[in-house]
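Okay, structure first, notes after.
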Amino acid sequence: MPPQTRRASFPKVVIERETDSEESSSDEEEEIDEEGEAEDDVVEDEEVKATANDEEEKKLVVKKKTAITISLKKVCKVCKRTGHEAGFKGATYVDCPMKPCFLCKLPGHTTMTCPHRVATEYGVVPAPRRNTHNSLDYVFERQLRPQIPKMKPEFIIPDQVNCAVIRYHSRRVTCLEFHPTNNNILLSGDKKGQLGVWDFGKVYEKTVYGDIHDCILNNMKLNPRNDGTVYTGSSDGTASCTDLETGISSSLMNLNPNGWQGPSTWRMLYGLDINSEKGVVLVADNFGYLYTVDMRSNNVTGEPILIHKKGSKVVGLHCNPLQPDLLLSCGNDHFARIWDMRRLETGSSLHDLPHKRVVNSAYFSPLSGSKILTTSQDNRLRVWDSIFGSLDSPSREIVHSHDFNRHLTAFRAEWDPKDPSESLVVIGRYISENYNGTALHPIDFIDISTGQLVAEIMDPNITTISPVNKLHPCDDILASGSSRSLFIWRPKEKYEMEKPKDEKKIVLCGKAEKKSKRKSGDESDCDSDNDAFNTKGKNVKSKKPYLESTSKSKAKSSKKH
DNA sequence: AAAGTATGCCGCC
DNA sequence: TGGCGGCCCTACTT
């Protein structure tokens, strides 16, 4: 058998060329070269075939005959077909037409022409003026209705960035909480397990506690009995109670006392809420279990209870604000569940609310506790108008873009705790909009009684997605977490006078410094932050703080093509 | 400046 | 039913 060259033993290579190519001349030269080589391969292949006699060689030939096709035609990155291409055209994303609509998940159209994108209220039946009442509902109505104004007030939307900390955290923000009594304190958790305490009234007064948790801080809640402490739950499997002044924390529980034994046994804490009437902190893990911690002893009481599908993550817990016996949970088993705290047993849920995909969050309404709002990965917000009425199906499903692939904190629709009608909700949007030539991801305010988009807010400086949002309990303030940064939004008209005159309202950080059990935030601290930023050298100018002057250049530079 | 990667769920077999 | 490959608009860093 004659010695074979390396090339001859290589399968036939076919290079397809785009006939209507608009490539430059140099590109075409390259293509011609490659094609020439490909033709050589074909010739040598045939020579080998001619000399192939025995079985083995024939098999070899069959193998060699399997052509590898290298296509130089432009191909859609989603479906790999030619003739179209998914991706950004300027600042507008063009969907692959071969796939169902990325927004509503139905086939036949793309996001661009999706009726739900054109109008968020599309297909939503507004809340009836009167619900069909049962006797329980009447009791509720009689007790609460006098406190609820008849007229729906006009919504006040915080739509302008008032102050911010850029790159405050060293990893993406996972949760936000306003301090209930100290109006200017915002707490933030991140993927690294760090806890930020930011006084956005003084802007530079910010602390990061770095050694409370080892990884993702999934949820936190301030202690209503002692608002100087916060409870946190983490993927490191521990729950902690931390003093906000000192950063000193005490561990409530550790689900992995024997350390790392592999991913199948490592327990993580996700859902967390406080039931102050009962004096307990409730936490839930990634295996479907609920744990109860006594707030006085800081000890776990009773046995863990399986409340979602075994082995599935319980991502959210919420105690009813008015009825201490009612608990709402949601998880990766595609369910939200209502429980009676007095009868917490596996399978004893009062109601199971099904979803098509993972439920990112489930909340009772903040004032009456009688409505339920859920955010599911199937790109739908679901609303149940009354927990005393029928819960067989949601009162409304509102299509909204918050289904994401990976790498982002899960979107959660959050109630406006100040809205007496309990209908205003805020949630970040995943898909971008072409905003004056820049792809931006707005934060949406939605009236969940009608499905209407009340407002979409954005800032040309914020080109990243803002999945974490929280509305202030008493002021017209929105806090949003986007990647590693925090933003405070206020209503434009209300605060037009005090537009950020001084750049100090925007604090730039480098990588968030590790600070532990130490309160910082004095002048030296802010200096060090600026230093950290300045070490970035050339970036200083382009990322110079704020707002109008630098916004356009930065927005353009981040535009995708 | 292109390539790498952290990362979570879904669906397939 | 479990393990594994594979993802449609990320946000960085090297």
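Taking amide H atoms as placed 1.01 Å from N in the peptide plane, the amide H of A:Leu508 lies under 5 Å from those of A:Ile166, each 5 or more residues away in sequence or on another chain. Electrostatic tally near A:Glu345: other residues with Cβ closer than 13 Å to its Cβ, Lys and Arg +1, Asp and Glu -1, net +1.
Extension gain for A:Lys77 to A:Arg357 (0.36 nm times residue separation, less C-alpha to C-alpha distance): 98.3 nm. Accessible area per residue (1.4 Å probe, heavy atoms of protein chains only) ranks A:Phe364, A:Phe102 as A:Phe102, A:Phe364, with the largest value leading.
Protection proxy ranking of A:352-358, A:453-459, by the mean of other Cβ atoms within 10 Å over each peptide's residues and highest first, is A:453-459, A:352-358.
Normalised radius of gyration for region A:254-372, please: alpha carbon Rg relative to 2.2 N^0.38 Å, two decimal places.
Working: Rg = 13.9 Å, N = 119, 2.2 N^0.38 = 13.5 Å.
With N residues counted in region A:254-372, Rg over 2.2 N^0.38 Å equals 1.03.
Count charges around A:Val383 for me, please; just the other residues with Cβ under 11 Å from its Cβ, Lys/Arg as +1, Asp/Glu as -1. Present the calculation step by step, with values, prior to reporting the outcome.
Working: positive: A:Lys371, A:Arg380, A:Arg382, A:Arg396; negative: A:Asp385, A:Glu397, A:Glu422, A:Asp447.
Local charge sum for A:Val383: 0.
Could you compute the net charge surrounding A:Leu103? Neighbours are other residues with a C-beta less than 15 Å from the C-beta of A:Leu103; K and R count +1, D and E count -1. Charge balance in the 15 Å sphere: -1. Highest mean packing comes first when the peptides A:218-225, A:326-333, A:163-170 are listed by Cβ atoms within 10 Å, giving A:326-333, A:163-170, A:218-225.
Segment A:Arg225..A:Lys310, full-extension length gain: 27.3 nm, with 0.36 nm per residue of separation and the alpha-carbon distance subtracted. Among the protein heavy atoms, those of A:His351 account for about 70 Å² of accessible surface (1.4 Å probe, every chain in place). Residues whose amide H lies under 5 Å from that of A:Asn379, counting only those 5 or more places away or on a different chain, are A:His402, A:Asp403; hydrogens are built 1.01 Å from N in the peptide plane. Normalised by 2.2 N^0.38 Å, where N is the number of residues, the alpha-carbon radius of gyration of region A:441-494 equals 1.16.
Roughly speaking, what is the stretch gain from A:Glu493 to A:Asp214, that is 0.36 nm per residue apart minus the C-alpha to C-alpha distance, in nm to one decimal? Show your work: numbers first, answer last.
Values: separation 279, 0.36 × 279 = 100.44 nm, distance 4.24 nm.
Value of the extension gain: 96.2 nm.
The values are calculated or read from the model by the stated rules, or taken from the named source; none is laboratory data. Values in this document were obtained by computation on a predicted structure and should not be read as measured data. Neighbour counts run over all protein chains shown; Cβ positions are idealised from the backbone, glycine included. Each accessible area value is taken on the protein alone, full model and side chains, heavy atoms only, with ligands, DNA and RNA left out. Shrake-Rupley method; radii C 1.70, N 1.55, O 1.52, S 1.80 Å.
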